[in-house]
Amino acid sequence: METYLVGGAVRDALLGIPVYDHDWVVVGATPSAMLAQGFDQVGKDFPVFLHPKTKEEYALARMERKVGQGYHGFEMSYDPTVTLDEDLIRRDLTINAMAQDSDGTIIDPYGGQKDLEDKVLRHVSDAFEEDPLRVLRVARFAAKLAPFDFTLAPETAELMQRMSASGELSALTPERVWQEVVKALNTDTPSVFFETLDSVDATAVLFPELNALHGVTQPEKYHPEGDVWIHTLMVLDASAQLSDDLSVRLGALLHDLGKGVTPPALWPKHHGHEQAGVPLVKAFCERYRVPKKQQQFAEKVTEFHGLIHKGLDSDGHPALKPKTYLKALTACGALKDLATFEKLLTACEADAKGRLGFEQKPYPQKPFWLALAQAANRVDNQAILATGVQGADIGRAIDAERHHLIQDFISDQDAVS
């Protein structure tokens, strides 16, 4: 029985970046031998075991053969005769097909170290084509390794493009696609994930709502960066700089889907795109079974980002009526959950900064709306109840008081300005 460190841990150590997870391959072992040593089997039909102390994953060396469509259409062989080279050749990229033995020696049968040096993402073998999930995985690695400027090997890009055209991507389960999207959104430059998919025609298959943003023009005065696709990716990266929160990043990604359905005759203007985008966000999230809270947050960002921007005029003065402010605060949940409202404002800030020449400009709307929400929440409920109001009149009295507080707040803001 021989044990080797494999995959990302070897790759990341060679790149000099922190290693958080260790995966191991065991050659020459059987499930019974692993269980006898105290390992816990992850699944009865899958040769992966958890170390009794570290809980790290130890997988028996295995070979795979394509027998059906999709991510699950594989037949595995993991008897003790499977060699390390046979296990490594089934992996996606050469930089992920390296191993390290107990002495620290790197085993690299497929040229991973050279591709690391050359900053190339290259598939290991033609078996790559058997697993459509690898199209997303490669795009995710491109995003993860973006600081190192990795590029796709031409033959790998061609293979991924062929896979996109084959229809195999449609066989992927929603959960697996969403899992890769989450990992990509959590990188420092998540736009690279979508740019890579787009370069191999996968965006049109997997994310048609995003693909529809290509070539959609916007007013050049406010969007000198170009079309809505470019703007969306800039907003996404801006959100990654502003927040680690997945909901903020997803909201940034989906906020302008409504512009993709604006009739071309109306371009470059997109009046009402916020409301038009909500059902598209809903469809996207339902298709990939996005958690409900994240879906609802993305819908709120989509519906209200335009109004949030308009909260202040170009001179920094309050620009809306008190009742409009109150309506927005109520609809966005700001009066019940200020922390989530602050995240929504962060997504709006990313929208404002995701434009060419606006990246470093302040976004005064965020502190304004936060202070406004706090002011509107300074209602003395006991004082209202002491007036004798009952039933539905209580809610109306609270709203009236909030309206008054908002009026005072914006009057004070105008006086200061």
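May I have the extent of the alpha carbons of the stretch 338-387 along their three principal axes, as whole Å values ordered from largest to smallest?
54, 16, 10
Averaged across orientations, what area in nm² does the convex hull of the alpha carbons in the stretch 55-165 project? Write out the running numbers ahead of the final one.
Values: hull surface 33.1 nm².
Over all viewing directions, the stretch 55-165 projects a mean Cα-hull area of 8.3 nm².
Assuming 0.36 nm per residue, please report the length gained on full extension of the stretch N377 to Q41 beyond their Cα-Cα distance.
Values: separation 336, 0.36 × 336 = 120.96 nm, distance 5.33 nm.
Length gained, N377 through Q41: 115.6 nm.
Subtracting the Cα-Cα distance from 0.36 nm times the residue separation, let me have the gained length for E359 to I89 in nm, one decimal.
Numbers: separation 270, 0.36 × 270 = 97.20 nm, distance 4.38 nm.
Full-extension gain reported as 92.8 nm.
Plugging the Kirkwood radius over Cα pairs into Stokes-Einstein for the stretch 196-306, at a temperature of 20 °C and a viscosity of 1.002 mPa s, what D comes out in µm²/s? Walk me through the intermediate numbers first.
Working: Rh = 14.1 Å.
D, rounded to a whole number, is 152 µm²/s.
Can you give the direction-averaged projected area of the convex hull of the alpha-carbon atoms in the stretch 207-377, in nm²? Provide the component values of the computation, followed by the final result.
Numbers: hull surface 37.5 nm².
For the stretch 207-377, the mean projected area of the Cα convex hull comes to 9.4 nm².
Using a Förster radius of 56 Å, what is the FRET efficiency between H22 and T387 based on their Cβ-Cβ separation? Nearest 0.05, please. Write down the numbers at each step before the final one.
Numbers: r = 65 Å, r/R0 = 1.17.
Efficiency for this residue pair is about 0.30.
What Kirkwood hydrodynamic radius, in Å, does the stretch 74-118 give when the mean of 1/r is taken over all pairs of distinct Cα atoms and then inverted? Write out the running numbers ahead of the final one.
Details: mean 1/r = 0.0866 Å⁻¹.
Here the Kirkwood hydrodynamic radius works out to 11.5 Å.
Any chance you could run the full-extension gain for D399 through D126? It's 0.36 nm times the residue separation minus the Cα-Cα distance, nm to one decimal. All intermediate terms of the calculation are to be shown ahead of the outcome.
Working: separation 273, 0.36 × 273 = 98.28 nm, distance 6.49 nm.
Full extension from D399 to D126 adds 91.8 nm.
If I model a spin label as a point 7 Å beyond the Cα along the Cα-Cβ vector, how far apart are those points for T54 and Q407 in nm?
6.8
What is the diffusion coefficient of the stretch 1-124 in µm²/s, taking the Kirkwood radius over Cα pairs and the Stokes-Einstein relation at 37 °C with a viscosity of 0.692 mPa s?
Taking Rh from Cα pairs, D becomes 217 µm²/s.
Where does each of T324, T54, T262 land when they are ranked from fewest to most other beta-carbon atoms within 10 angstrom?
On the way: T324 14, T54 10, T262 20.
Ordered by Cβ neighbours within 10 Å, fewest first: T54, T324, T262.
Considering only DSSP beta bridges with both partners in the chain, what is the antiparallel share in %, to the nearest 5?
80
Give the peptides 253-259, 360-366, 4-10, 232-238 in descending order of average Cβ contacts within 10 Å, highest first.
Values: 253-259: 27.1, 360-366: 14.0, 4-10: 22.1, 232-238: 25.0.
The packing order, highest mean first, is 253-259, 232-238, 4-10, 360-366.
So, in Å, what gap is there between the alpha-carbon centers of the stretch 175-189 and the stretch 357-403?
With the stretch 175-189 and the stretch 357-403 each reduced to a Cα centre, they are spaced 36 Å.
Show me, bin by bin at 20 Å from 0, the whole-percent P(r) of the chain based on Cα pairs.
All Cα pairs, binned at 20 Å, distribute as 23, 45, 25, 8, 0 percent.
Go ahead and run the numbers for FRET between E286 and A204, Cβ-Cβ distance against an R0 of 25 Å, rounding to 0.05.
Details: r = 19 Å, r/R0 = 0.77.
According to the calculation, E is roughly 0.80.
Starting from the Cα coordinates of the stretch 132-200, work out the convex hull volume and express it per residue in Å³. Can you show the working numbers first?
Values: hull volume 4.5 nm³, N = 69.
Taking the convex hull of the Cα positions in the stretch 132-200, it is 65 Å³ per residue.
Cross-link candidates for K336: which aspartates and glutamates have Cα within less than 18 Å, leaving aside residues fewer than 8 places away along the same chain?
E299, D380, D399, E401
Any idea what diffusion coefficient the stretch 290-361 gets from Stokes-Einstein, in µm²/s, Kirkwood Rh on alpha carbon pairs, 37 °C, 0.692 mPa s? Each step should come with its number before you reach the end.
Numbers: Rh = 13.1 Å.
Rounded, D is 251 µm²/s.
With respect to the cross-link table entries K144/K282; K53/K183; K293/K361; K300/K323; K44/K292, which display a Cα-Cα separation exceeding 22 Å? Write out the running numbers ahead of the final one.
Numbers: K144/K282 28 Å; K53/K183 27 Å; K293/K361 30 Å; K300/K323 19 Å; K44/K292 32 Å.
Too far apart for the 22 Å limit: K144/K282; K53/K183; K293/K361; K44/K292.
Every read-out reported here was derived from the displayed coordinates using simple, explicitly stated rules and does not represent laboratory data. Since this is a predicted model, take the numbers as computed values, not measurements. Here the Cβ is made from the backbone with ideal geometry for all residues, glycine too, and neighbour counts use every protein chain on show.
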